[in-house]
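Before any comments, here is the structure.
The values are calculated or read from the model by the stated rules, or taken from the named source; none is laboratory data. Quick caveat: nothing in here was measured; it's all calculated off a predicted structure. Glycine gets a Cβ as well: all are built from the backbone with ideal geometry, and neighbour counts include every protein chain shown. The protein model used for the area step is the full one, side chains on, heavy atoms only, and it has no ligands, DNA or RNA in it. Shrake-Rupley method; radii C 1.70, N 1.55, O 1.52, S 1.80 Å.
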Amino acid sequence: MLELEKFDLKLNTDIIGRNFIYAEEIDSTNTYLLDKTNINLPDGTVIFAEKQTKGKGRKERVWYSVKDQNLTFSILLSNKKYLGKTINLVNLASSLAVAQSIENLFQLSTNLKWPNDVLVKGKKVSGILLEATSQGSKVERLVIGIGINVNQNLFQGIFNIPPTSIKIETNENVERERLLAEVLNIFEELLDKILTNPEVILRDWKSRCRMIGERIEVSENDNTKYGIFDDIDENGFLLLKSRDNKIEKIHFGDVSVQ
Ligand code: BTN
């Protein structure tokens with residue numbers, strides 16, 4: 001069980017995680033924050049669950065996580081200043097926060113896969129799912145759902161990227177409270193940078209992405225595109241260069257090296 005006092009002592013934020021909801025078991029932390037009945041929760045609310053019965057991954061996939069071993073939580077952002085053009089930068093910032101936390105606390109080197117997978121030695125240690133509710137064309141609430149494989153020893157099933165956990169990579173049992181607080185502390189700092197200094201987010205994200213310059217394929221539903229991963233633009237979108245040197249902006253999709 002997550003020790004809330006330990007977590008609280010390490011949390012240095014002003015907004016993110018100051019309203020903290022702990023759940024022993026829930027369908028999905030993302031679903032909880034998106035639910036209409038929870039519309040009045042304050043900006044920065046974090047819900048953490050020891051177990052999700054319907055944990056969601058990107059592209060309708062399922063996110064499996066063994067009870068009490070890992071971190072599965074969602075962050076609510078409802079402050080309009082982050083909900084305009086910058087949403088994709090929030091997406092990059094969330095994976096960067098996880099990557100930097102893992103580097104700081106465990107001296108592991110991480111690698112980021114667009115848009116938001118965190119890998120250690122080519123294996124997936126964390127996945128992030130952004131979901132939003134909107135009114136007309138305006139996003140009202142953004143939910144950032146983060147799953148980090150922390151102390152899980154064994155993964156069963158078929159995965160598009162092989163999974164790993166911090167414990168597997170370090171051979172040590174990890175204090176989840178400290179890691180959760182570190183991710184939230186860094187995420188709040190990065191949110192601030194999105195408004196004041198977005199180039200830093202892009203620079204730090206790109207420095208951990210080994211795919212730039214590589215020949216890749218991007219798949220979205222049944223549609224697959226091929227080209228060179230040219231760059232990430234100022235809003236966090238992937239720029240794909242085709243054979244005739246045309247640049248296409250990719251908003252979402254699964255990327256793999258060809
Ligand atoms: C992916 O890599 O496909 C994204 C996985 C996101 C999983 C997290 S766990 C907490 C939050 N609640 C969910 O139902 N999903 C996200």
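Numerical summary
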| quantity | calculated |
| --- | --- |
| Residue satisfying condition, being surrounded by fewer than 17 Cβ atoms within 10 Å (Cβ to Cβ), part of a loop (DSSP other than H, G, I, E, B) and more than 15 Å from the ligand (Cβ to nearest atom), within set Glu140, Glu199, Glu172 | Glu172 |
| Candidate set: the range 144-158, residues that are at pLDDT 95 or above and either hydroxyl-bearing (Ser, Thr, Tyr) or in a loop (DSSP other than H, G, I, E, B) (or both); chosen: the one nearest to Asn116 (Cα to Cα) | Asn149 |
| Failed condition for Ile161, given (1) modelled with pLDDT under 95; (2) assigned to a loop (DSSP other than H, G, I, E, B); (3) open to solvent by 40 Å² or more (accessible area, probe 1.4 Å) | (3) |
| Yes/no for Val62 being open to solvent by 50 Å² or more (accessible area, probe 1.4 Å) and within 14 Å of the ligand (Cβ to nearest atom) | yes |
| Criterion: in contact with a strand residue (DSSP E or B) (Cβ under 7 Å, 6 or more places away or on another chain), polar (S, T, N, Q) and within 16 Å of the ligand (Cβ to nearest atom) - qualifying residue of Ser134, Ser165 | Ser165 |
| Where a residue in the range 157-180 is farther than 13 Å from Gly147 by Cβ and its partner, wherever it lies, is of a type in the set (Asp, Glu) and surrounded by fewer than 19 Cβ atoms within 10 Å (Cβ to Cβ), with Cβ under 7 Å and at least six apart | Glu177/Glu3 |
| Residue tally, condition within 16 Å of the chain's Cα centre (by Cα) and more than 10 Å from Ser74 (Cβ to Cβ), over the range 28-55 | 2 |
